[in-house]
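J.: Dropping the structure in here first, questions after.
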Amino acid sequence: MRRLLLLLCIVSLSAGALAGPDTLRIQGSNTLGAALMPALIRGLLEARGMHDIRTLHLSPGEQAITARDTEGAPLRFVIGAHGSSTGFDSLLAGQADLAASSRPISEQERMRLAPLGDLTRFAAEHVIAIDGVAVIVHPDNPLRQLTTQQLAQVFSGEIDDWRVLGGHGPIHVLARDDRSGTWETFRDQVLTPYGSRLSGHATRLESSEQLSDRVSADRQAIGFIGLAAVRQARALAIVDGDSQAMAPTVSLIATQDYPLTRRLYLYSPPSRPSPWADALIAFAQSEPGQAIVASQGFVAQTVQAISVPASPAMPALYKQLAREGRRLSVSFRFAEGSATLDNKAMADVARVQDYLRRHDLLHNTTTLVGFGDAKADAARAVLLSRLRAMAVRRELAKAGVVFRDILGLGAQLPVATNEVDEGRIKNRRVEVWVTPRDEGTTTGVAQTQSVTGQAMAGTPGG
């Protein structure tokens, strides 16, 4: 009887933790919801001194993190991971406080959710991690790289045999489901630019982990998943336009040079303020939160300085920078059709300012290098690229940064094709380089080596 009473007491306590309104409801991306969001929530709760933290698996794609606050009151964070589009649907239906998305909100979604406020504003759209969509094959597949055009041909079924590409046997195409932000990223960056559609013979899967395991068990398979889900499969290097082949490495994804780089978002409706939503977003973007991002297999937004070996293909001024300095793991990009820094870039301004301040690099050590897409007039391309660098300069100067130089290199060193709008937008970027005063040391400057120096700089060849 005593054991029965004890069991009933335990059940009652568990039910109490689950009872009442949810503290925070997050719906959306499987890429974020499967492991990253639970890890960030646990990190936030531990940082705030909460106790009795538990993870409950409610159903496929549904989890709850429960805890008790310092006064013993129950907390319950519910996470649904069924695809990015479901997050925006849940916001509109009043069934979520945050939408987790592995791609930016679409214009159609923004209009539909307009009654909740403008979700593209800086206060509503939050990048919490960087990811790369990895194209994966079986470890025994002899291929090492594909162009984006070849990928479009493979996934549309135009190329259906590996022998066309130097492999062996029929190709088995696997893809994420229609609700997945990973699928939408791949579709928009690979299929749509070439006017292609996914093959009707493709096998569709809801989970990146399931897809990766299927590919690693099938010598003829190819698929795409988020970087954190590569597991036992092997990721291919990707060539986009005139860029060189780039593998989904941490360095190339951090700078967003890798062709299939994407941002991972949390969207918070301005009309429904939530203290716990604000707390989670702030924690996710803090150094402890970004450490969790990295531990979960994604790429953190923490600023580092990267050593880039000089190569013959680099322009002379850029080659000098590579010899004397280090490139920061931040590339500033701009709102579409605008010279205005986008939301991530505005957050990166603060990160770069803090990095320069902490490492005593505020005065005459920083060079901004602007790039752009190809123009009929090369001089105009150079001018526009310099103007982009000046836009970044204005923001960084507010923190007292005194610059060593401002360069505009026009359409040189592309990281994407200039044949489509998406590629041109990627090429319009500003890099940050630092040159420590004592050339013989790199005190306070972290060094991370990319797969190749040429890949890090986005130069052709190699």
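J.: Taking residue 164 as the residue in question, decide whether it is crowded, with 20+ Cβ neighbours inside 10 Å and not assigned by TED's automatic domain parsing to the domain that holds residue 282.
T.: So residue 164 does not fit the description; no.
J.: Same structure again: Going residue by residue through the stretch 9-20, is there one that turns out to be in contact with a helix residue (DSSP H, G or I) (Cβ under 8 Å, 6 or more places away or on another chain) and either at pLDDT 50 or above or in a helix (DSSP H, G or I) (or both)?
T.: No, the stretch 9-20 contains no residue that is in contact with a helix residue (DSSP H, G or I) (Cβ under 8 Å, 6 or more places away or on another chain) and either at pLDDT 50 or above or in a helix (DSSP H, G or I) (or both).
J.: Among the residues of the stretch 48-94, how many are farther than 28 Å from residue 186 by Cβ and of a type in the set (Asp, Glu)?
T.: 3
J.: Here is a further query. Do you know which of the residues in the stretch 222-243 that are aliphatic (A, V, I, L, M), assigned to a strand (DSSP E or B) and crowded, with 24+ Cβ neighbours inside 10 Å is modelled with the lowest pLDDT?
T.: 225
J.: Return the pair list, or none, for Cβ contacts closer than 7 Å from residues in the stretch 183-195 that are in contact (Cβ under 8 Å) with a residue 40 or more places away in the chain to residues that are of a type in the set (Phe, Trp, Tyr) and outside any helix (DSSP H, G or I), at least 6 apart or on different chains.
T.: Taking only residues 6 or more apart or on different chains, the pairs are 186/224.
J.: Give the residue that is nearest to residue 366 (Cα to Cα), with candidates limited to residues of the stretch 394-428 that are modelled with pLDDT under 90 and not aliphatic (A, V, I, L, M).
T.: Checked the stretch 394-428; the qualifying residue nearest to residue 366 (Cα to Cα) is 426.
J.: Let me ask another. Which one of 161, 97 is within 27 Å of residue 297 (Cα to Cα) and acidic (Asp, Glu)?
T.: 97
J.: Now for a separate question. Does residue 93 satisfy being aliphatic (A, V, I, L, M) and touching a strand residue (DSSP E or B) at 6+ places or on another chain (Cβ under 8 Å)?
T.: No; evaluated as a whole, the condition is false for this residue.
J.: Starting from residues that are among the charged types (D, E, K, R) and under 21 Å from the mean Cα position of the chain (by Cα), keep the ones in the stretch 310-353 and report whichever is farthest from residue 405 (Cα to Cα).
T.: Residue satisfying both the conditions and the ranking: 336.
J.: Which number in (1) of a type outside the set (Val, Ile, Thr); (2) farther than 25 Å from residue 197 by Cβ; (3) surrounded by fewer than 24 Cβ atoms within 10 Å (Cβ to Cβ) marks the one condition that residue 143 misses?
T.: Residue 143 satisfies every listed condition except (2).
To keep it simple, each residue is scored yes or no on (1) under 15 Å from residue 328 (Cα atoms); (2) β-branched (Val, Ile, Thr); (3) touching a Phe, Trp or Tyr at 6+ places or on another chain (Cβ under 6 Å).
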position: 359; (1), (2), (3): yes, no, no
position: 366; (1), (2), (3): yes, yes, yes
position: 381; (1), (2), (3): no, no, no
position: 386; (1), (2), (3): no, no, no
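J.: Inspect all residues belonging to the stretch 72-81 and state whether any of them is surrounded by fewer than 23 Cβ atoms within 10 Å (Cβ to Cβ) and in a loop (DSSP other than H, G, I, E, B).
T.: Among the residues of the stretch 72-81, at least one is surrounded by fewer than 23 Cβ atoms within 10 Å (Cβ to Cβ) and in a loop (DSSP other than H, G, I, E, B), which makes the answer yes.
J.: Here are some residues: 81, 67, 34, 39. Which one is in contact with a Phe, Trp or Tyr (Cβ under 9 Å, 6 or more places away or on another chain), aliphatic (A, V, I, L, M) and either in contact (Cβ under 8 Å) with a residue 12 or more places away in the chain or closer than 25 Å to residue 263 by Cα (or both)?
T.: So the residue among 81, 67, 34, 39 that is in contact with a Phe, Trp or Tyr (Cβ under 9 Å, 6 or more places away or on another chain), aliphatic (A, V, I, L, M) and either in contact (Cβ under 8 Å) with a residue 12 or more places away in the chain or closer than 25 Å to residue 263 by Cα (or both) is 67.
Condition check ((1) assigned by TED's automatic domain parsing to the domain that holds residue 313; (2) hydrophobic (A, V, I, L, M, F, W, C); (3) part of a helix (DSSP H, G or I); (4) buried (at least 20 other Cβ atoms within 10 Å of the Cβ)) across all residues:
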site	(1), (2), (3), (4)
354	yes, no, yes, no
360	yes, no, no, no
376	yes, yes, no, no
396	yes, yes, yes, yes
410	yes, no, no, yes
419	yes, no, no, no
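J.: Now a separate question. Would you confirm, using the coordinates I've provided, whether residue 219 is in a loop (DSSP other than H, G, I, E, B), surrounded by fewer than 18 Cβ atoms within 10 Å (Cβ to Cβ) and touching a helix residue (DSSP H, G or I) at 6+ places or on another chain (Cβ under 6 Å)?
T.: no
J.: Which ones in the stretch 238-277 are basic (Lys, Arg) and closer than 22 Å to residue 425 by Cα?
T.: Within the stretch 238-277, 262, 263 qualify.
J.: Here is a check on your reading of the model: is residue 121 modelled with pLDDT of 95 or more and assigned to a helix (DSSP H, G or I)?
T.: The answer is no for residue 121.
J.: Let me ask something additional. Does residue 102 satisfy the condition of being crowded, with 16+ Cβ neighbours inside 10 Å, under 24 Å from residue 43 (Cβ atoms) and under 22 Å from the mean Cα position of the chain (by Cα)?
T.: Yes; evaluated as a whole, the condition is true for this residue.
J.: May I pose another question? Go through the stretch 148-161 and count every residue that is in contact with an Asp or Glu (Cβ under 7 Å, 6 or more places away or on another chain) and surrounded by fewer than 21 Cβ atoms within 10 Å (Cβ to Cβ).
T.: Total satisfying the criteria: 0.
J.: Find the residue count for the stretch 368-383, including only residues that are in contact (Cβ under 8 Å) with a residue 40 or more places away in the chain and over 25 Å from the mean Cα position of the chain (by Cα).
T.: Within the stretch 368-383, residues that are in contact (Cβ under 8 Å) with a residue 40 or more places away in the chain and over 25 Å from the mean Cα position of the chain (by Cα) number 1.
J.: Here's another thing I want to ask about it. Kindly provide the set of residues from the stretch 194-205 that are surrounded by fewer than 19 Cβ atoms within 10 Å (Cβ to Cβ) and in contact with an Asp or Glu (Cβ under 7 Å, 6 or more places away or on another chain), ordered by number.
T.: Within the stretch 194-205, just 204 meets the criteria.
J.: What single numbered condition from (1) more than 30 Å from residue 187 (Cα to Cα); (2) at pLDDT 90 or above fails to hold for residue 385?
T.: Exception for residue 385: condition (1).
The values are calculated or read from the model by the stated rules, or taken from the named source; none is laboratory data. What you see is a predicted model, and the numbers here were worked out from it, not measured in a lab. Cβ atoms come from the backbone with ideal geometry, glycine included; neighbour counts cover every protein chain shown.
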